[in-house]
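The structure under discussion appears below in the form of structure tokens.
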Amino acid sequence: MNILVINAGSSSLKYQLLNPETQQVLAKGLCERIGIDGKFTYKPEGKQAVKEADVAMPTHNEAIKAVLDALVDKDNGVIGSMKEIDAVGHRVVHGGEKFAKSVLITGEVMAAIEECNPLAPLHNPANIIGIKACQALMPDTPMVAVFDTAFHQTMPAEAYMYALPYEYYEKDKVRRYGFHGTSHKYVTQQAAAMLGKPLEELKLISCHLGNGSSIAAVDGGKSVDTSMGFTPLAGLPMGTRCGDIDAGILQYLMNKYGMDIDKMLNVLNKKSGVEGLSCVSSDFRDLETAAEKGDQKAALAQKKFAYEVRKYVGAYAAAMGGVDAVIFTAGVGENDKTIRSMVCKGLEYMGLKVDEAANDVRGKETVISAADSKVKVLLIPTNEELMIAIDTAALAK
Ligand code: ADP
């Protein structure tokens, strides 16, 4: 079964054609600068060719058309015709409280996704445009929506409610939703396989540390708490996002500098996090290089990040009444042994010990805890595309 996975943003679109049964990726790539001039990248697996071309993409329709043309291309294509695409899986950021699972897309589902637009005004409209563009070109192919928020719909009310007047939840749907659900779901399933135990019997803490970062407490395969909130701005400090701060700071800074709320949020989303703190970069590789050269602020940013991750690990172990394994995934989690080591230092009291030799690894499934560590520490590369394809195939069958 071949599944086309689409992750549409407002001006870009990532795609991957893969077989979820064999886990084989047939081709993948990226459409960028949609609505501007259009840049197309296509990489068929197993072939040398990487095609990068300027393709006019006034809308997402031309972008999808370029993807389909490339997939069936005589020379560099990977399938004979579009009929060999059995279904399309779309990443959708926000499913609100309506979607606790992936769903086959119908007219009703589209309307419900649109209703979630106010909750993710930057992301959901772009996801919807991607779905409509695919539907226009592939009217007979089943399409599935896979939501970033769905996995966290199992959280209990004490985890998802904010201590605000209840009416804001009832009338306005203000609550913790959480994101990166597809990734947390995938790595916790993989963890169970690595540990050789049923997921239902495991208490896991999944640390998705990338440009955007979130942590999830997963008890028996169900998300019971997560660090991102109503929006992806909450929780950990990230590349450029501040994470949790005292809301009183907003009033103080807005008054002092005459900023309106849009300017303020721009600072919190795009100029804060480890970039804001270090005055160096949002990229953890740059932080490490600068810290090694003696840059104090870069070192502080690394420390702050690791400290906050460590606090969540402790908090979620308390929330679940124990923890069997801590998982590191995404760009930083998979590649940055320094951060992994910094996070875990000081957690020996709860029976968590890293084997530094085993931790000297990048991007492959590895147990990085010491043999006598009661709590296992796992590096598991995430694969959101595969998770989307698996859900899509199951629903399209
Ligand atoms: P996104 O949230 O955009 O999906 P990723 O999960 O791809 O982000 O993570 C990107 C981040 O991963 C980069 O900003 C960088 O900080 C970090 N990263 C990538 N490679 C390395 C590496 N070798 N060492 C440390 N950090 C890395």
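The values are calculated or read from the model by the stated rules, or taken from the named source; none is laboratory data. Owing to the predicted nature of the structure, the values given are computational and were not obtained by experimental measurement. Reconstructed Cβ throughout: ideal geometry from the backbone, glycine too, with neighbour counts over all protein chains shown.
Just a few scattered comments:
- Residue in region 238-257 that is touching a strand residue (DSSP E or B) at 6+ places or on another chain (Cβ under 6 Å) and closer than 28 Å to Lys185 by Cβ present: yes
- Scanning region 197-215 for residues that are within 15 Å of the ligand (Cβ to nearest atom) and either charged (D, E, K, R) or assigned to a strand (DSSP E or B) (or both) yields Ser206, Cys207, His208, Leu209, Ser213, Ser214, Ile215.
- In region 179-193, of all residues being touching a strand residue (DSSP E or B) at 6+ places or on another chain (Cβ under 6 Å) and away from the ligand (no atom under 15 Å from the Cβ), the one that is farthest from Val367 (Cα to Cα) corresponds to Thr188.
- Residues in region 86-129 that are among the basic types (Lys, Arg) and assigned to a loop (DSSP other than H, G, I, E, B): Lys98, Lys101.
- Test: residue in region 259-277 that is at positive phi, away from the ligand (no atom under 14 Å from the Cβ) and at pLDDT 95 or above: no
- Matching residues, region 268-320, being aromatic (Phe, Trp, Tyr) and surrounded by fewer than 17 Cβ atoms within 10 Å (Cβ to Cβ): Tyr307
- In region 175-196, the residues that are part of a loop (DSSP other than H, G, I, E, B), in contact (Cβ under 8 Å) with a residue 12 or more places away in the chain and either surrounded by fewer than 18 Cβ atoms within 10 Å (Cβ to Cβ) or among the acidic types (Asp, Glu) (or both): none
- Take the conditions (1) surrounded by 20 or more Cβ atoms within 10 Å (Cβ to Cβ); (2) outside any loop (DSSP other than H, G, I, E, B); (3) hydroxyl-bearing (Ser, Thr, Tyr); Tyr169 misses just one of them, which is (1).
- Subset tally (residues that are part of a loop (DSSP other than H, G, I, E, B) and in contact with a helix residue (DSSP H, G or I) (Cβ under 8 Å, 6 or more places away or on another chain)) for region 346-369: 9
For every residue, the table says whether it meets (1) more than 24 Å from Glu384 (Cβ to Cβ); (2) over 22 Å from the mean Cα position of the chain (by Cα); (3) small (Gly, Ala, Ser).
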| residue | (1), (2), (3) |
| --- | --- |
| Ser10 | no, no, yes |
| Tyr15 | no, no, no |
| Glu21 | no, yes, no |
| Ala27 | no, no, yes |
| Val55 | yes, yes, no |
| Glu62 | yes, yes, no |
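- Within region 276-314, the residues that satisfy the criterion of being touching a residue at least 60 places away in the same chain (Cβ under 8 Å) and closer than 30 Å to Gly221 by Cβ are Phe305, Glu308, Val309, Tyr312, Val313.
- The set of residues in region 299-333 being under 16 Å from Leu379 (Cβ atoms) and within 16 Å of the ligand (Cβ to nearest atom) consists of Ala306, Val309, Ile327, Phe328, Thr329, Ala330, Gly331, Val332, Gly333.
- Members of region 250-264 found to be loosely packed, with under 10 Cβ neighbours inside 10 Å and among the aliphatic types (A, V, I, L, M), listed by number: Ile261
- Close pairs from region 96-112: first closer than 23 Å to Ser183 by Cβ, partner assigned to a strand (DSSP E or B) and at pLDDT 95 or above, Cβ under 6 Å, at least 6 apart: Phe99/Phe147; Ser102/Val144; Ser102/Val146; Val103/Ala145; Leu104/Val144; Ile105/Met143; Ile105/Ala145; Val109/Val103
- Residue in region 284-292 that is within 29 Å of Val367 (Cβ to Cβ), within 16 Å of the ligand (Cβ to nearest atom) and either at pLDDT below 95 or in a strand (DSSP E or B) (or both) present: no
- Lys28 vs. criteria outside any loop (DSSP other than H, G, I, E, B), surrounded by fewer than 21 Cβ atoms within 10 Å (Cβ to Cβ) and out of contact with any strand residue (DSSP E or B) (no Cβ under 7 Å at 6 or more places or on another chain): no
- Selection of region 334-369 for residues being of a type in the set (A, V, I, L, M), away from the ligand (no atom under 13 Å from the Cβ) and over 23 Å from Lys203 (Cβ atoms) yields only Ala357.
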